[in-house]
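For reference, the structure discussed in these notes is given below.
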Amino acid sequence: MPPSIYTVILLLEIVCAVLWTQPAVLSKQRIFVDDSNVITDSACRVISSVISSEASVHYPGSPEYRTDIHHWSGFAIEESRCSIRPADANDLGRILQILGWTKTPFAITGGGHSQNPGFSSTTGIHITMSQFNKLQHNEEEGTIDIGAGLRWDDVYGLLNPKGYTVVGGRVNGVGVAGFTLGGGLSWITNERGLTIDTLVSCEVVLPNGTVVDASADVNPDLFFGLKGGFNNFGIVTRFTLQVFPQSDIWGGAIIVPESQIKQANQAIVNFVDTVRDPKATMNIIFEYAEGSMNAIIIVFYNAPEPPAGMFDEVLHLNGGIVQVSSMPFSSLLAVGQPRNTPRRIQDVAPVQSYSVPLLNKVANQTKYWGSYLEKHHSGYFFDYVVEVFLPDYFNHGSPSSSAWPADRCTVHFPINIVFAWYDQAHDKAVYDPLAQTVNKLKTDAEEEGQEVENASLYPNIVVAGKPLEKLYGSNLQRLREVRDVYDPTRVMNLAGGWHF
């Protein structure tokens, strides 16, 4: 159906809706309607009339609607006027044309793991990518085609039994789309790079409804923008990623009581300073919950057994509870799985290196803010996740290959700070403590001589409201130029997220 027909149908819908709901006198009370809701509701109905029979539109009150708008963190859920399940790229093209013409706010959800309200949720029209669920392993090409509605669990479930893997998510339930478009840090990033470094091509529906491919050879400027630049240029429907051989791995968790955290921090720093094997890494979670503090060291080696002695110092910590073994790669996703909670936000504190004093300060911040927010703001749990990578983990991509990071020569490591709480009444109260602790750790790093002011903040875990320059640095001007080519009328600005 041509766009001109959409326009006629939509005009008729809106005119009829407005006439039907014009201010009226009833018991001497004037009744008004919200014109934006009238337009949005009309857009829902028009979209329903032009999408394919395999696609569907759902409304509040239906179980399908509730499934569509669901997010892993309840804090990120917003009540849209309708939800839409497009069946293919042509459906999405029609939808984007109508949304653009009516200037209707919308959201796109892949896996629903975004924790910033409004980033993949909306009070307008909610698009869920759940029907983009095709998965095809191209063994001769060494690639896999992944639908934008899938999760990494689905991908590993197909590949791992065949002895392959991809550079993907590290915990259960994470969607492929947002994770990839935000960069992608994986257990095998030291060996293979960021997820975007292994991205071969994408299928993209542009804001004008056109369906195009993007790769290093086809629409390379668009491909650059999508690699870390999220949904600023259209909606990705399919990702093609490189596939790598994969054996069983060795890994698991060591749970360290509060009394031994300083000893653990020394062992962690010794590992970071001495181990240069790209198959080896660890994440450290300092956690405060229910009045107590501990550390969880998640260890990983990309083979069934690590070299002798590599992890001995953390394995033999006093009081540590050791839960490590050889296992299938996908089994590690359940180790250190973040707690689910109705309300949570996160932010990142970048550092250039880890010292024992700095890790001790991270532990102190965990306990201080955990106990304070638990007492005053219905706090549930508080995690400070220390990410460990090799100093050259950005080197798998060329300096100008992706929107993020802006600078691959200056390396930073993210400390992911997660605050979780129960009561909606405290939603606003947690933001200031989060900002305070990020600033404190920034100051602590700077006092050690680290340069963190110009770090490229990891987009997937940054709290909403940060200046774009903090994420994209010198790439921002180029990204705006790419945006002007592919979305000159700013249709994608109607969706949430980081907008150039």
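Any read-out appearing in this document is the output of simple, stated calculations on the displayed coordinates, not a laboratory observation. As the structure is a prediction and not an experimental result, all values here were calculated from the model. Cβ placement follows ideal geometry from the backbone for every residue including glycine, while neighbour counts extend to all protein chains displayed.
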For the range 72-180, shape from the Cα gyration tensor axes a ≥ b ≥ c, cut at a/c of 1.5 then a/b versus b/c, turns out oblate
Output the pairs from K262/K375; K103/K470; K279/K470; K279/K442; K440/K470 with a Cα-Cα distance over 19 Å in this structure; if there are none, say none. K262/K375; K103/K470; K279/K470; K279/K442
Where does each of D392, D487 land when they are ranked from fewest to most other beta-carbon atoms within 10 angstrom? D392, D487
Note down the Stokes-Einstein diffusion coefficient of the chain in µm²/s, whole number, using a Kirkwood radius over alpha carbon pairs, 37 °C, and 0.692 mPa s. 137
Long-range HN-HN contacts of V324 with modeled amide H, under 5 Å: A253
Which aspartates and glutamates does K361 reach when only Cα atoms under 16 Å apart count, and residues fewer than 8 places away in its own chain are ignored? E258, E287, D383, E387, D444, E446, E447, E448
For the pair D213 and D88, the simple spin-label estimate (label points 7 Å beyond Cα toward Cβ) gives in nm 1.8
How much FRET efficiency would the formula 1/(1 + (r/R0)^6) give for N138 and Y431, where r is the Cβ-Cβ distance and R0 is 51 Å, rounded to 0.05? 0.70
Let me have the 222 nm mean residue ellipticity of the chain computed from DSSP H runs of 4+ only, each contributing -39500 (n - 2.57), with the sum over all residues rounded to the nearest 500. -9500 deg cm²/dmol
Pop out the ³J(HN,Hα) list for the range 168-179 in order, Karplus 6.51 cos²θ - 1.76 cosθ + 1.60 with θ = phi - 60°, rounded to Hz; leave Gly and Pro as x. x, x, 10, 9, 5, x, 7, x, 5, 5, x, 4
Would you please put 335-346, 161-172, 106-117 in order of how densely packed they are, using the mean number of other Cβ atoms within 10 angstrom per residue and starting with the highest? 106-117, 161-172, 335-346
Diffing the range 446-455: the Karplus 3J(HN,Hα) column from phi (6.51, -1.76, 1.60, θ = phi - 60°), in whole Hz with x for Gly and Pro, holds 5, 5, 8, x, 7, 9, 10, 4, 9, 5
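Between D221 and E451, what length in nm is gained on full extension when 0.36 nm per residue of separation is reduced by their alpha carbon distance? Show your work: numbers first, answer last.
Details: separation 230, 0.36 × 230 = 82.80 nm, distance 3.03 nm.
Stretched fully, the D221-E451 segment lengthens by 79.8 nm.
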If I fit a long axis through the Cα atoms of helix 476-486 and take the longest principal axis of the Cα atoms of the chain, what angle between them do I get, 0 to 90°, rounded to 10? 30
Listed by chain and number, the residues whose amide H is under 5 Å from that of I249, excluding neighbours fewer than 5 places away on the same chain and using placed H, are M327, F329
Contour excess over end-to-end distance, with Cα ends at V171 and A464 and 0.36 nm allotted per residue: 103.2 nm
Pop out the ³J(HN,Hα) list for the range 200-212 in order, Karplus 6.51 cos²θ - 1.76 cosθ + 1.60 with θ = phi - 60°, rounded to Hz; leave Gly and Pro as x. 8, 6, 9, 9, 10, 9, 6, x, 7, x, 6, 9, 9
Apply 1/(1 + (r/R0)^6) to the Cβ-Cβ distance of N270 and S49, taking R0 = 45 Å, and write down the FRET efficiency to the nearest 0.05. 0.10
